[in-house]
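The values are calculated or read from the model by the stated rules, or taken from the named source; none is laboratory data. Nothing here was measured: the structure is a model prediction, and the numbers come from that model. Quick reminder, even Gly has a Cβ in these numbers, built from the backbone with ideal geometry, and neighbours come from all protein chains shown. Each accessible area value is taken on the protein alone, full model and side chains, heavy atoms only, with ligands, DNA and RNA left out. Shrake-Rupley method; radii C 1.70, N 1.55, O 1.52, S 1.80 Å.
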Amino acid sequence: MLAVCTKEDGTAELRQVDVPKIRSDEVLVKVVAAAQNPADWVFTEWRKGKEPAIVGLDFAGIVQEVGQSIDSFQVGDRVAGMVHGCKDLNGSFAEYVAAIPHMMFKVPESWSLEDASQLPCACYTACQSLYQSQDLPYPDNPAPVPFDILSWASGTSVGQFTVQLAKLGGMRVIATASPKHFDRLKALGIDDVFDYHDPDVSKKIKAYTNGKLRHAVDCICKEDTPKAISDALSDEGGTVSVVRQIKPARDEVKHVFALALDLSERPYSFPFEYTPKPGMADFADKSSKMIARLLREGKLTPAPIKVYPDGLASFKEGFEYMKSGQVSGEKIVYRVADTPGIRS
Ligand SMILES: NC(=O)c1ccc[n+]([C@@H]2O[C@H](COP(=O)([O-])OP(=O)(O)OC[C@H]3O[C@@H](n4cnc5c(N)ncnc54)[C@H](OP(=O)(O)O)[C@@H]3O)[C@@H](O)[C@H]2O)c1
């Protein structure tokens, strides 16, 4: 099959590799669309000096083969899921991917596979931020009395789904984003949105929440965001779910970090050594089932996608676009069938 593989010099290339063999607890998926995450170009660079690995976390496609111990998926199912790209010769920027059932879900016909490819990593991260890091209410058991949550950087993919899940969980959702996303975010049902470029943004959010804000998700974790969020929280502080390890701006603010890769509950040694913690697979399975249900019920909305014309062969352009900070309220998606040289 064709796949985007990392090279020893810290770049990547499209080349022929073997189709991955599945274990009895895995599913082989024919990838229709692969979506790009910041980890894809970052991990590619971090693989400098290491043996080749296939790039890509997010995929959507059709189940091709099912391991003996799997009864939750069947050949022909439309699915989306996430794998640990750039670790070995299995990644989503390829014609086929060996997927883990608890990190994938069925996609209803109402969703295109291109749109669905943006869901897994962003939704799992949103689930971890809301339910694993902070024990906030799920959509099937929403807060009886709404309380405030701040989703900082809601123009991100992670933010797109954090605000929707938080709203479905009965919270009053306050977001920050660039003004060009305001209408799109308000259409998702959020309660208000502020421009994070405004020097008074934290003060305005603190006033809007009467100084009582105790919960936030930092969906971007840049150098300036811990202080900006801390200034919006109550004087007593609060809890912030963070998508990257970053220090809180004051003692009263607690940061809780979670990593979507850990949901496989399998050990890994790239990008660092990790020993699995029990409960991760169960959490992922619960999250996957919830995402599948919300998709069936029409309760999730995708962000706009940016599809490159040459499928996987366009990955260098996609990496450059993302690396240079041009991604704004959109998800880069590669349609595998658009790749020159693909047989089917
Ligand atoms: N922990 C995990 O497992 C995990 C999983 C996935 C992603 N992540 C991390 O989560 C972050 C977001 O990933 P993503 O894929 O959702 O990102 P993304 O969609 O590629 O992010 C693009 C958006 O970032 C926003 N942005 C850039 N700088 C900002 C700033 N200083 N303040 C506020 N917003 C800013 C822009 O918002 P505007 O357009 O509104 O200006 C833009 O729309 C990344 O750091 C990624 O590495 C972590």
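Miscellaneous remarks
- Residue in the stretch 11-32 that is basic (K, R), touching a strand residue (DSSP E or B) at 6+ places or on another chain (Cβ under 6 Å) and not in a loop (DSSP other than H, G, I, E, B) present: yes
- Against the list (1) over 17 Å from the mean Cα position of the chain (by Cα); (2) surrounded by 20 or more Cβ atoms within 10 Å (Cβ to Cβ), the condition Q64 fails is (2).
- Considering only residues in the stretch 296-326 that are in contact (Cβ under 8 Å) with a residue 60 or more places away in the chain and over 21 Å from N37 (Cα atoms), the one that is most open to solvent (accessible area, probe 1.4 Å) turns out to be R296.
- Check on V256, within 14 Å of the ligand (Cβ to nearest atom) and touching a Cys at 6+ places or on another chain (Cβ under 9 Å): no
- Any hit, the stretch 239-249, residues being within 14 Å of the ligand (Cβ to nearest atom), in a helix (DSSP H, G or I), under 17 Å from T176 (Cα atoms) and touching a strand residue (DSSP E or B) at 6+ places or on another chain (Cβ under 9 Å): no
- Consider the stretch 111-132 and keep the residues that are in a helix (DSSP H, G or I) and polar (S, T, N, Q). The one that is surrounded by the most Cβ atoms within 10 Å (Cβ to Cβ) is S129.
- Cβ-Cβ distances below 9 Å connect the following pairs, each with a first residue in the stretch 86-113 that is closer than 14 Å to A34 by Cβ and of a type in the set (D, E, K, R), a second residue that is at pLDDT 95 or above and not in a strand (DSSP E or B), and a separation of six or more residues or different chains: E95/M1; E95/V19; E95/L312; E95/V336; E95/T339.
- Out of L113, L165, one residue alone is at pLDDT 95 or above, in the same structural domain as K289 (by TED's automatic domain parsing) and within 24 Å of K286 (Cα to Cα). It is L113.
- Failed item in (1) surrounded by fewer than 20 Cβ atoms within 10 Å (Cβ to Cβ); (2) not assigned by TED's automatic domain parsing to the domain that holds I100, with Y268 passing the rest: (2)
- Each residue in the stretch 246-280 was checked for being within 17 Å of Q132 (Cα to Cα), without any contact (Cβ under 8 Å) to a residue 60 or more places away in the chain and touching a Leu at 6+ places or on another chain (Cβ under 9 Å), and 1 pass.
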